[in-house]
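The block underneath contains the structure these notes are about, expressed in structure tokens.
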Amino acid sequence: MLKKLFQSFRPPVPGQHHRRTTPEVINKSQHSLQRHQFSRHAVNIVERLQSAGYQAYLVGGCVRDLMLGITPKDFDVATSATPEQVRAEFRNARIIGRRFKLVHVHFGRDIIEVATFRAHHSDEDQGDSHRSSHNASGRILRDNVYGTLEEDAQRRDFTINALYYDPVSERILDYANGVHDVRNRLLRLIGDPTHRYQEDPVRMLRAVRFAAKLDFGIEKHTFKPIRELAPLLREIPPARLFEECLKLFLSGQGAIAFEMLVDLELFEPLFPASAHALEERPTYTHTLISQALNNTDLRVKQGKPVTPAFLFAALLWPALPARVLHLQNQGVPPIPAMNGAAHDLIAEQCARIAIPKRFTLPIREIWDMQERLPRRSGKRADMLLDNPRFRAGYDFLLLRECAGEETDDLGQWWTDYQDANDSERREMIRELGSRDEGSAAGPRKRKRSGSKRKRSGDEAFE
């Protein structure tokens, strides 16, 4: 799969590194797009802006996806009008953002994003911090330098995202050979890759996401600098990285995205503790994370709900046992060791990726259930069944067993207990006898063989 994604044998398009001032015009008869396929609200915005004397086009992902037969999630508009001029045209418009100022035009629950054409930053622009700003490594901190349509096309990241559709003339304007790359399923950066990644290191994650989502090859010059520049992701605000991780892992192609992140050395800047676990216990860590992502991908494809909490719990879990053991070796009792290690691990991760508290609390609860599930004597089993986090904890237990953790068939016991009637449950509790009910969810021996488990329930993901 990775070999398929990282394509080095496809030749570059002639003249790709030269700035094109006139677009290739693809007329209505030369493409498959239909005006009615686009959001009527977005088309209306384009028509009104053009009637007011501005240039305006549907641009980016919606054009690309419709060319590929994919239903777009968003419809974006690019225009020569400034944000203030767009707001003057639409009463339902609101200017947002400082780093990249744009306009949201509201139509009930639908929001159409309208961006003004951007241009490359000059030395003169650098003198105005409200318009243009870079840090020492070249990352753009503020991008409000407006320009022409031609300049805007060169400022976009990938050729496949630099396609402009005019719903009035029904033509596509292509400044970067994007139609060629869409048809050849090839992801290619516009301009010098090293410079473009330095401007915005998140483009490296976008390259992974688009390649995984669209099943595209990555052109060799586009992926060649990534491993060297991967540490630049440490400069990105943690809140922005959280949003990018949601797009990477919860869009239905999380498993292949994970493989690509590891291969391109992008996983470590995002999840340093988990990357260390991947080096220390490669088979176990890779199996657990991959299985969690495969389960999530399947749920997305089936239209079932997913939540970041369960997935982040799986992404971080392989780093937890060694920390728990370290504290226990220092004399900390098992449960306080587990709580302390979990707290520290999540705090460290949030410094890199800002996981909101509404997700970190369920993560802790899922991990806490791993300590509680072995304790089944008396009324504890029934009390655990009534716990709102039981299903998530049970599913997580099965995930651990799938990855090779030895739990003395604890997952099978809970599978049987859920299916048993009251008298059968009482007998199962009696059979536990004097077995040690206080075993902790620390490091386990590897299983030699696994058994088929009950399929995960929806509660783990809601």
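The values are calculated or read from the model by the stated rules, or taken from the named source; none is laboratory data. In this text the structure is predicted, and so the values were computed from the model without any measurement. Counting neighbours? That spans all protein chains shown, and the Cβs are built from the backbone with ideal geometry, glycine included.
Each row is one residue, and each column tells you yes or no for (1) part of a helix (DSSP H, G or I); (2) surrounded by fewer than 18 Cβ atoms within 10 Å (Cβ to Cβ).
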{"site": "G191", "(1), (2)": "no, yes"}
{"site": "T194", "(1), (2)": "yes, yes"}
{"site": "Q198", "(1), (2)": "yes, no"}
{"site": "E228", "(1), (2)": "yes, yes"}
{"site": "P231", "(1), (2)": "yes, yes"}
{"site": "I256", "(1), (2)": "yes, no"}
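Name the one entry in G60, G97 that is surrounded by 14 or more Cβ atoms within 10 Å (Cβ to Cβ) and either charged (D, E, K, R) or under 16 Å from D152 (Cα atoms) (or both).
One residue alone meets the criteria, G60.
Within 29 Å of I289 (Cβ to Cβ), assigned by TED's automatic domain parsing to the domain that holds P282 and either modelled with pLDDT under 50 or not hydroxyl-bearing (S, T, Y) (or both): which single residue out of G433, G438 fits that description?
G438 is the lone residue from the list that is within 29 Å of I289 (Cβ to Cβ), assigned by TED's automatic domain parsing to the domain that holds P282 and either modelled with pLDDT under 50 or not hydroxyl-bearing (S, T, Y) (or both).
Conditions first: (1) part of a loop (DSSP other than H, G, I, E, B); (2) free of Cβ contacts under 8 Å to residues at least 60 places away in the same chain; (3) not basic (K, R). A342 passes all but one, so which condition is the exception?
Among (1) part of a loop (DSSP other than H, G, I, E, B); (2) free of Cβ contacts under 8 Å to residues at least 60 places away in the same chain; (3) not basic (K, R), A342 violates only (1).
Pick from P225, P238, P231, P201: which is more than 20 Å from the chain's Cα centre (by Cα) and farther than 25 Å from S39 by Cα?
P225
Do any helices (runs of 4 or more DSSP H) lying entirely in the range 262-306 carry at least 2 residues that are surrounded by fewer than 15 Cβ atoms within 10 Å (Cβ to Cβ) and free of Cβ contacts under 8 Å to residues at least 40 places away in the same chain, and which ones are they?
282-301
Looking only at the range 401-424, decide whether some residue is among the charged types (D, E, K, R), assigned by TED's automatic domain parsing to the domain that holds R364, surrounded by fewer than 19 Cβ atoms within 10 Å (Cβ to Cβ) and more than 41 Å from the chain's Cα centre (by Cα).
yes
Name the one entry in A347, A319 that is aliphatic (A, V, I, L, M) and either touching a His at 6+ places or on another chain (Cβ under 9 Å) or in a loop (DSSP other than H, G, I, E, B) (or both).
Exactly one of A347, A319 is aliphatic (A, V, I, L, M) and either touching a His at 6+ places or on another chain (Cβ under 9 Å) or in a loop (DSSP other than H, G, I, E, B) (or both), namely A319.
Looking at this structure, is L361 in contact with a Lys or Arg (Cβ under 7 Å, 6 or more places away or on another chain) and surrounded by fewer than 21 Cβ atoms within 10 Å (Cβ to Cβ)?
no
Please find, within the range 239-254, the residue that is farthest from L298 (Cα to Cα) out of those that are in a helix (DSSP H, G or I) and of a type outside the set (A, V, I, L, M, F, W, C).
R240
Condition first: over 21 Å from V46 (Cβ atoms), in a strand (DSSP E or B) and at pLDDT 90 or above. Now tell me which residues in the range 122-167 satisfy that.
The answer is F158, and nothing else.
Which numbered condition in (1) modelled with pLDDT of 95 or more; (2) surrounded by fewer than 13 Cβ atoms within 10 Å (Cβ to Cβ); (3) under 31 Å from the mean Cα position of the chain (by Cα) is the only one that S51 fails?
Among (1) modelled with pLDDT of 95 or more; (2) surrounded by fewer than 13 Cβ atoms within 10 Å (Cβ to Cβ); (3) under 31 Å from the mean Cα position of the chain (by Cα), the lone unmet condition for S51 is (3).
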